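These notes are about the structure you will find just below.
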Amino acid sequence: MEKEKIKIKSGLTGLSGGDSEQEKFLALLSHQLRAPLTTIKFILESLMTAKDGMPAQIRQKLQSMQEADAIAMSIVNDMLDVSKFATKEIEPNFSMCDLKEIIQSLVEMIRPIAAAKNQQIVFSVPADIHMVKICNDYLVRACQNILDNAVSYGDEGSDIDVGLSENEGHDSYVVTVHNWGPIIPKMEMPKLFQRFYRVPGIEKIKPVGTGLGLYIAKEAIELNGGKIWIESEEKKGTTVTFTVPFKAPRA
């Protein structure tokens, strides 16, 4: 069983052994873990909302437990998404959505986290953005992962620039997320979208991470018919860019 172990560390590009069996194992494990984690979440929420003069020290411990549960649930959801993409069990549901509204909502959701690092998120978007047919659930997941990375790895007190515009061919929208943080070495760039990969040394900035965020983002964006790429240079910062075609790939 030794070679079947799953290791999450810098430089790891995937899983060893039989991929199909491991994907099934990841899916089964993820499903089994979601139920108890959800139960823990509801119990903690009910305890936190109780108005019974709970001591501040106990409330603080419960809050820490909530945060730990949220991290664990996020990891489980990542694992479940990975298994679905790998086994082609994704059943996308395409519908007309307001891309501007989606990104604006995600920006507002993550703004308090950025504020804790004295970061300011600037969202630039033209007025004439029309509805597009997309698989909303997975595109939202991709945007969340990219924005989370920008804030997590962005320098303290820096700006996070988010842009939405129409491409020159007038057949898709282009979304850019720029931050000022550690520059990604060129030799590491080809590995960024691989499963379980984290840039060496990045754990000093964000200790907790599975290395699945960009992999999931890439799969989700390509599911919507788009492309994603990253540019990172000294004095220019790091920019993640992805496209969202006007026409859904299965429309």
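Since every read-out is calculated from the coordinates, none of them should be taken as a lab result. What you see is a predicted model; the values in this text were computed from it and never measured. All Cβ positions, even for glycine, are placed from backbone atoms using ideal geometry, and neighbour counts span all protein chains on display.
Can you give the FRET efficiency to the nearest 0.05 for residue 155 and residue 123, using r as the Cβ-Cβ distance and R₀ = 22 Å?
Details: r = 19 Å, r/R0 = 0.86.
Rounded to the nearest 0.05, the efficiency is 0.70.
Among residues other than residue 228 whose Cβ falls under 12 Å from its Cβ, what is the net charge (Lys/Arg +1, Asp/Glu -1)? Intermediate results must be reported in sequence, preceding the final value.
Values: positive: 218, 227; negative: 219, 222, 231.
Net charge in that neighbourhood comes out at -1.
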For residue 57 and residue 113 in the same chain, what is the full-extension length gain: residue separation times 0.36 nm, less their Cα-Cα distance, in nm?
17.9 nm
For residue 215, the net charge from surrounding residues (Cβ-Cβ under 13 Å; K, R +1; D, E -1) works out to +2
Taking every alpha carbon pair in segment 119-180, what does the distance histogram look like in 10 angstrom bins from 0, in percent?
20, 46, 29, 5
A chain fully extended from residue 166 to residue 48 at 0.36 nm per residue, minus the present Cα-Cα distance, gains in nm 38.0 nm
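Semi-axes of segment 71-203's equivalent ellipsoid from the Cα gyration tensor, sqrt of 5 times each eigenvalue, largest first, rounded to whole Å? Please list the in-between numbers first.
Details: eigenvalues 113, 99, 48 Å².
Equivalent-ellipsoid dimensions as semi-axes: 24, 22, 15 Å.
Tell me the Kirkwood hydrodynamic radius of segment 202-251 in angstroms, computed as one over the mean inverse distance between distinct C-alpha pairs.
Numbers: mean 1/r = 0.0778 Å⁻¹.
Over segment 202-251, the inverse of the mean reciprocal pair distance is 12.9 Å.
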For segment 66-135, what size does the Cα cloud have along each of its three principal axes, sorted from largest down, in whole Å?
39, 34, 17
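Provide the three semi-axes, in whole Å and in decreasing order, of the ellipsoid equivalent to segment 126-246 as defined by the square roots of 5 times the Cα gyration tensor eigenvalues.
Details: eigenvalues 122, 54, 32 Å².
For segment 126-246, the ellipsoid semi-axes come out as 25, 16, 13 Å.
Grab the other residues whose beta carbon is less than 9 angstrom from that of residue 241, score K and R as +1, D and E as -1, and report the net. Can you show the working numbers first?
Numbers: positive: 227; negative: 231.
Residues near residue 241 contribute 0 overall.
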